[in-house]
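The values are calculated or read from the model by the stated rules, or taken from the named source; none is laboratory data. This is a predicted model, so every value here is computed, not measured. We place every Cβ from the backbone using ideal geometry, glycine too, and count neighbours over all the protein chains shown. All accessible areas refer to the heavy atoms of the entire protein, side chains included, with ligands and DNA or RNA removed. Shrake-Rupley method; radii C 1.70, N 1.55, O 1.52, S 1.80 Å.
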Amino acid sequence: MKLQQLRYIWEVARNNLNVSATAERLYTSQPGVSKQIRLLEDELGIQIFLRAGKQLTDVTPAGQQVIALAGKIMAEADNIKRISQEHNDQRRGSISIATTHTQARYVLPAVIKRFIEKYPEVALHMHQGSPVQIAELAAAHAVDFAIATEAMELFDGLVMLPCYRWNRSIVVPPGHPLTKLKTFTLADLAEHPLVTYVFGFTGRSQLDQAFHAAGLVPRVVFTATDADVIKTYVKLGLGVGIIATLAYDPTQDRDLVALDASHLFEDSVTKIGFSRGTFLRRYMYDFIQLFAPYLTRELVDRAAGAHNKDEVEALFSELTLPRF
């Protein structure tokens, strides 16, 4: 059994059983990948993949177990490489991040700018997606960090560190009836068509829970994953926008009025996470602290050393998170 063979089956599984895509990703040939998978199956005496002719069609039950273990071995092999790199050259390397559009567009630019200034020889790679996609990338060790707010139950396999709290604003064109009110309620919002995030994105669950608790059914007429898209359709008169406050730029959004809605909804918490057991290089600790300044190396290590999610949450239970 060779490490290369384990990497091949792991990558094939990650690439939806597409051997050609796997070979291209690994800079090798399709016949070479297929041959090594066959050799591994012959050595183990089991089928890892089901086939229709030469096409891989599914993963066998035994194959699922083997691939899961192969993923863990690949992660440890990557840790060994990182240890070597950390001792040989502490300022070179790479970071890959999976996050949502809101984080990528409104929060991370300043963080990444400062990081690149400090580590110009570290390459950064960003993947944008839904919380489900972010969790899958992190679970597959395809990224170093996952940054998300929604669907935390999907990230149980990661060490998730709370970074900051945030809430929402209502955005409307100037002169809109809501701008005439000294304060407004959920009932006031429910009288208007709403434009907001797709369910599962950027704190949408707290929005739905608030309306449900008040016995109201919001009339959501348009949803998007992108706050810029939401603002565009508010400008077109489609409805009242509900977005993360951090996504409103007073300079660029001069043709919209932002009304604070934090009295209507519970705060959301954005977290950064990494796979348990990951060896973090020095610049990775620095990236975490640039994103959330109170997350010192000592605190990150304590969280990484916790045995489960409850212990991590207990570690941060008495801390007051900053608000963005």
In region 267-288, which residues are assigned to a helix (DSSP H, G or I) and over 16 Å from Ala148 (Cα atoms)?
-> Arg282, Tyr283, Met284, Tyr285, Asp286
Check whether at least one residue in region 89-110 is at pLDDT 80 or above, touching a helix residue (DSSP H, G or I) at 6+ places or on another chain (Cβ under 8 Å), in a strand (DSSP E or B) and open to solvent by 90 Å² or more (accessible area, probe 1.4 Å), and report yes or no.
-> no
So Ile170, is it open to solvent by less than 60 Å² (accessible area, probe 1.4 Å), within 30 Å of Pro193 (Cβ to Cβ), of a type in the set (Val, Ile, Thr) and at pLDDT 95 or above = yes
Can you tell me which residues in region 123-134 are open to solvent by 10 Å² or more (accessible area, probe 1.4 Å) and of a type in the set (A, V, I, L, M)?
-> Ala123, Leu124, Met126, Val132
Which ones in region 24-54 are in contact with a Phe, Trp or Tyr (Cβ under 7 Å, 6 or more places away or on another chain) and open to solvent by 60 Å² or more (accessible area, probe 1.4 Å)?
-> none
Looking only at region 174-184, decide whether some residue is closer than 19 Å to Glu266 by Cα, out of contact with any Leu (no Cβ under 6 Å at 6 or more places or on another chain), among the hydroxyl-bearing types (Ser, Thr, Tyr) and modelled with pLDDT under 90.
-> no
Taking the condition within 16 Å of Leu207 (Cβ to Cβ) and of a type in the set (Asp, Glu), does Asp267 pass?
-> yes
State whether the residues of region 161-174 include one that is in a helix (DSSP H, G or I), touching a residue at least 60 places away in the same chain (Cβ under 8 Å) and of a type outside the set (Gly, Ala, Ser).
-> no
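Can we say Leu178 is more than 29 Å from the chain's Cα centre (by Cα), more than 25 Å from Thr320 (Cβ to Cβ), open to solvent by less than 20 Å² (accessible area, probe 1.4 Å) and touching a residue at least 24 places away in the same chain (Cβ under 8 Å)?
It is true that Leu178 is more than 29 Å from the chain's Cα centre (by Cα), more than 25 Å from Thr320 (Cβ to Cβ), open to solvent by less than 20 Å² (accessible area, probe 1.4 Å) and touching a residue at least 24 places away in the same chain (Cβ under 8 Å).
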Can you give me the number of residues within region 229-264 that are assigned to a strand (DSSP E or B), of a type in the set (Val, Ile, Thr) and farther than 17 Å from Phe201 by Cβ?
-> 2
What tally of residues in region 5-23 results from selecting those that are over 17 Å from His141 (Cβ atoms), open to solvent by 50 Å² or more (accessible area, probe 1.4 Å) and assigned to a helix (DSSP H, G or I)?
-> 1
When only residues in region 267-287 that are within 17 Å of Arg91 (Cβ to Cβ) and basic (Lys, Arg) count, which is most open to solvent (accessible area, probe 1.4 Å)?
-> Arg282
